[in-house]
Each structure stands twice: as structure tokens, then as C-alpha cells.
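The structure under discussion appears below in the form of C-alpha cells.
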Amino acid sequence: MNDRTTVERKSERELVVTRTFNGPVRIVFEAWTRPELMKLWWAPKSMGVPLRSCEMDVRVGGTYRLEFGHDAATSFAFFGKYMEVIPPSRLVWTNDESEDAALTTLTFEEKDGKTLLILHELYPSKEARDEACAGMEGGMPEQFEQLDELLATLGASA
């Protein structure tokens, strides 16, 4: 299985990111749903902007807030609500930080001890999708490499 991250524009409003991770679905799902784990991999190190706080109430109707920055004055946040939570196979959440933000769906599928992750984002317009693509194409592969590194340490202790 290929562990390379792919970022595809599936339609005028859709973006799909896929990656196979070297770890069982249970551990990959936990890395997406436990704040203490998310903080270890979510912010791309090359950006030099740390994930200051990570609040996640992972249940239908629960909220999340990821705040980035070096201090409160320069921080920015991503936040929204969980619409669907089916451990360990599916997460759906809103991105409420702007009117142009996407609805995100994550699916997790285990194959031979590895996890195929598909991240699907549906944007309100082609313009919103195109603007998001620039950041996703650069940041997601690095984020997912960082997740792979974390999974290696979690697998060793699991």
C-alpha cells in the first residue's frame, strides 16, 4: 500500500485527500479524536506556528476549537461542530470559521493492519475550494508525515 498523500480536486466544490497510514484504524482514529494526540501532529512544523490549544468534544453536536499562534494576540482558530461520529470509521464536522469553509468528512478503513484515510471536503463554491487547495496541497502531506511519525511511537507502546 502506498503511504503517499494525494490531494485531488474531485469537482468544482470538492477536495479529497487520501493517505494510507502504517497503523491500525483504532490508533489512527484516536490520533484524530484525542486532543493530547492531535496537538502532537496537526500543525505543520515548517510553518513555525504551533498549535496553542486543542479543545475537542468528539460526539454528535460536540464542538472543537484548534488555536494556532505564538501568543493570544497573533493567534487564529479553526472551529466547528461534530455532525457524525462513528468510532473508529467515520467523522463529519463543520468548519465554522468563515462562510467559505467546508464540511469535512473523514473515513477510516483498515486493511492488513494499515489504515486508509479519506478526507473529503465540500465547499460552498469553486472559489472557496480553490483558495483552500493552496494550503491543503502544501500542508497536508507534511501533517500526515507527522501523524505517521506519531503512529510509529504509539504502535510501539500499544
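Restricting the stretch 3-28 to residues that are closer than 15 Å to TRP41 by Cβ and surrounded by fewer than 16 Cβ atoms within 10 Å (Cβ to Cβ) leaves a set whose member that is modelled with the lowest pLDDT is ASP3. Condition check: on the phi < 0 side of the Ramachandran plot, of a type outside the set (Phe, Trp, Tyr) and touching a residue at least 60 places away in the same chain (Cβ under 8 Å). Does GLU131 satisfy that? Here the answer is no, as GLU131 does not meet what is asked. Within the stretch 61-77, is there a residue that is touching a residue at least 24 places away in the same chain (Cβ under 8 Å) and exposed (fewer than 15 other Cβ atoms within 10 Å of the Cβ)? Scanning the stretch 61-77 turns up no residue that is touching a residue at least 24 places away in the same chain (Cβ under 8 Å) and exposed (fewer than 15 other Cβ atoms within 10 Å of the Cβ). Of all residues in the stretch 113-157 being among the polar types (S, T, N, Q) and more than 19 Å from ASN95 (Cα to Cα), which is farthest from the chain's Cα centre (by Cα)? If we take residues in the stretch 113-157 being among the polar types (S, T, N, Q) and more than 19 Å from ASN95 (Cα to Cα), then SER157 is farthest from the chain's Cα centre (by Cα). Looking only at residues of the stretch 38-60 that are part of a helix (DSSP H, G or I) and touching a strand residue (DSSP E or B) at 6+ places or on another chain (Cβ under 7 Å), we find that the one that is surrounded by the most Cβ atoms within 10 Å (Cβ to Cβ) is MET38.
Every listed requirement among (1) closer than 18 Å to ARG26 by Cβ; (2) touching a Gly at 6+ places or on another chain (Cβ under 9 Å); (3) not hydrophobic (A, V, I, L, M, F, W, C) is met by TYR64 save one, (1).
Give the residues of the stretch 78-111 that are under 21 Å from CYS133 (Cα atoms) and assigned to a strand (DSSP E or B), sorted by residue number. Within the stretch 78-111, PHE78, PHE79, GLY80, LEU91, VAL92, TRP93, THR94, LEU103, THR104, THR105, LEU106, THR107 meet the criteria. Looking at TYR64, is it more than 19 Å from TRP41 (Cβ to Cβ) and not acidic (Asp, Glu)? When the stated conditions are applied, TYR64 does not pass them.
Within the stretch 99-131, can you find the residues that are of a type in the set (S, T, N, Q) and either under 25 Å from ARG26 (Cα atoms) or surrounded by 16 or more Cβ atoms within 10 Å (Cβ to Cβ) (or both)? Correct list: THR104, THR105, THR107, THR115.
The values are calculated or read from the model by the stated rules, or taken from the named source; none is laboratory data. Here the structure is a predicted model, which means the values were calculated and not measured. So basically every Cβ, Gly included, is an ideal-geometry build from the backbone, and we count neighbours across all protein chains shown.
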